[in-house]
Amino acid sequence: MSTVTLEQALVITRGALQHASEVSAAPLTVAVLDNAARLVSLQRQDGSSLLRPDIATGKAWGAVALGRSSRGLAEVAAARPAFVSAVNVLAEGNIIPAAGGVLIRDAQNRILGAVGISGDQPDVDEACAVAGIKLAELIADCS
């Protein structure tokens, strides 16, 4: 296995939304991208606002593109804002440096893709992503 499959993406989404229900999260959008940053699955809960699909996808896209979670990208952005701004120009604005984009890894530590979630506070989005990845029996990388 070298990339996240549709079935895994659907399990991740179900797990993320299940966790969201358990913590009474606001309506979420869940984007799962493969290791080439191509969209595999995008699910938007009723009531999730207009830009949430773009934000969720941007969190996951940035994680895959730069090999670290969107939380890690936010930390880099805080320390080196000009650098992240320049990288985001190269990425045509596709990077969202806020928690909620989590790398998906296999048992051999290979990146299979990423999940990006938007709709609640960034920490809640990230917790939902981690829960979904764990349900799919894969490894969540928030670093």
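The values are calculated or read from the model by the stated rules, or taken from the named source; none is laboratory data. Source: prediction; values computed, not measured. Here the Cβ is made from the backbone with ideal geometry for all residues, glycine too, and neighbour counts use every protein chain on show. Note: areas computed on protein heavy atoms with side chains; ligands, DNA, RNA excluded. Shrake-Rupley method; radii C 1.70, N 1.55, O 1.52, S 1.80 Å.
What the table below lists for this structure:
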read-out	value
Cα-projected label distance for A36 with S143, points at 7 Å along beta-carbon direction, nm	2.8 nm
Built amide H within the under 5 Å cut-off of G101, gap 5+	S70, R71, I117
Average Cα contact separation per residue, the range 6-141, under 8 Å, 6 or more apart, as relative contact order %	32 percent
The chain - charge dipole about Cα centre, Lys and Arg +1 at Cβ, Asp and Glu -1, debye rounded to 20	240 debye
Rounded accessible area per residue of the range 17-68, 1.4 Å, Å²	52 Å²
Residue-averaged 222 nm ellipticity for the chain, from DSSP H runs of 4+ at -39500 (n - 2.57), nearest 500	-14500 deg cm²/dmol
Efficiency of FRET from Cβ geometry, A79 and V23, R₀ 41 Å, rounded to 0.05	0.85
Whether the range 43-94 is rounded, prolate or oblate, judged on the alpha carbon gyration tensor where a/c under 1.5 counts as rounded	prolate
Additional length obtainable on full extension of the chain from L90 to L10, 0.36 nm per residue less Cα span	25.7 nm
DSSP-loop trypsin sites (Lys or Arg not before Pro) across the range 15-81, with at most 15 other Cβ within 10 angstrom	R38
